[in-house]
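The numbers here are math on the coordinates, done by the rules we state, and not lab data. None of the values given here were measured: they were computed from a predicted structure. Reconstructed Cβ throughout: ideal geometry from the backbone, glycine too, with neighbour counts over all protein chains shown.
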Amino acid sequence: MKGLLPIDGACELIAASLWIDYATARAAARDVIEILSTHERLGFKALRPLNADQERRHLRFMESKEALDAGVRGCWERGECEVWARPGDLIAKLKLIPVPAANGLEFDYEKHTAGGDGLPPLYDLRIRLPPAAPVKRWRKPPPQKDIKDALADILKAKPTLSGEKLATALCERLGEGMTREKARSAIKRYAPETVKPRGRPRKNKSPK
């Protein structure tokens, strides 16, 4: 279809700095990614643990991928791009994927696929940039240490803050480079005790 770009090519336009960070980190961790992928495919854990350097490079890669995923989802949720794919099957018809599917979706930029809880796998992933919409360059997100420190400072000042109010405070503290999606992810990672569980009905105790 006209105007559709492969997801990796589109990332170079909508999230240039995030894409460069991701590509650099992936190249540096290529050997570790191959080791872990092989063991996962064969169904057993690594025969020997990763050394400190491998752990560091793999963590850097995972952080850069998390940032890029959040960047693509944010662009999608704000209507700055459309996501098209073949849901469930490589030979399925190419379809426009609805925006609500963005929540929690993770991308494989090399295989042009994506997946998430409760969703069929998406193949042949492509992105369309609306012709009338300007392409917004992403500001580079703050380092993980700055995010963690800012979150700790906010909770020290307001220990009862949680949910979207906490995400808003984190975004305001760190500026434009901190998206709401990134803030939610950081809260789950560094302050999970502030995240309220969803979908768990309260149990009413019957009086004895």
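Brief remarks on what is shown
- Unit charges on C-beta of K, R, D, E only; dipole of segment 4-128, Debye: 200 debye
- One decimal place: the segment GLN54-LYS111 gains 18.2 nm when fully extended, by the rule 0.36 nm per residue minus the C-alpha distance.
- Rounded to the nearest 20 debye, dipole of segment 144-194 from Cβ charges on Lys, Arg, Asp, Glu: 140 debye
- FRET E, pair LYS145, GLU12, Förster distance 35 Å, beta-carbon r, rounded to 0.05: 0.80
- Contour excess over end-to-end distance, with Cα ends at SER37 and ILE20 and 0.36 nm allotted per residue: 3.9 nm
- Cβ-based exposure ranking for MET62, MET178, in which fewest neighbours within 10 Å come first: MET62, MET178
- Across the cross-link table entries LYS111/LYS145; LYS95/LYS182; LYS95/LYS188; LYS145/LYS165; LYS65/LYS156; LYS156/LYS182, which are compared at the Cα atoms, the separations over 23 Å belong to LYS111/LYS145; LYS95/LYS182; LYS95/LYS188; LYS65/LYS156.
- Sites VAL195 and GLU172, calculated FRET efficiency, Cβ-Cβ separation with R0 25 Å, nearest 0.05: 0.85
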